[in-house]
Amino acid sequence: MTAPEARPGGLDSNARGLIVLVVAVVIGGLLLWSWGDDGSTTVDAGKESTETTVDVSNLGTTTTAADAGTTSTTAATSGKSPSEVSVVVLNGSGQTGVAASTSATIGEAGYTMLTPANAPANVETTSVYYADGFEDSAIAVAQVLGKGTDSVKPVTEASLGGAEGDADVVVVLGADTPPASSGDSGSSTTTTSAG
């Protein structure tokens, strides 16, 4: 093998490669530096605090404030606290005990739980339905259950035959629901409505 011939008055391929690499690193650094800067981060040196506001899809605004080492996070949804939202869980999974255990899980998040019952029919996938004005609350309940926003729908799209009662949010468990945990007391609640 022979060494590459040097060009008169030009750069050899190693020098050109180094220049291209340096330029790429500089451009990459500039892109990373400007990538997350949407102008919503403010720093006030007098107070030594930083406030960042992030819009998370349809969930509202999440604000994180750091002041002298203290961090607090507040999620603003529809202005309704979980205790102001009534939720009913309807079992459409065909499994015993899942409506009661799911109702307990949602209740632990602070929601006002109505008596779990059976759905009018079994369904394949779990859905979370909401009454007018409660879409943000339904999204939050879906998150408690590990479901995405694609499972959240207006209650008008459901055929629940009145099983939803006066609930603001209705969870209809489908066949995709995991079995009730073995930590349950083994009892299940079944409610049938006349009609």
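The values are calculated or read from the model by the stated rules, or taken from the named source; none is laboratory data. Keep in mind that what you see is a predicted model, and the values were worked out from it rather than measured. For neighbour counting, all protein chains shown are included, and Cβ atoms are generated from backbone atoms with ideal geometry for every residue, glycine included. Side chains are part of the model used for accessible areas, which takes the heavy atoms of the whole protein and leaves out ligands, DNA and RNA. Shrake-Rupley method; radii C 1.70, N 1.55, O 1.52, S 1.80 Å.
Quick notes on this one:
- Extending 7 Å from the Cα toward the beta-carbon at both Thr156 and Asp132 defines two label points whose distance is 0.9 nm.
- Backbone geometry of region 133-138 corresponds, through the Karplus equation with coefficients 6.51, -1.76 and 1.60 at θ = phi - 60°, to 3J(HN,Hα) couplings of x, 10, 4, 4, 5, 5 Hz, x marking Gly and Pro.
- Solvent-accessible area, 1.4 Å probe, carbon plus sulfur percent, for region 89-135: 47 percent
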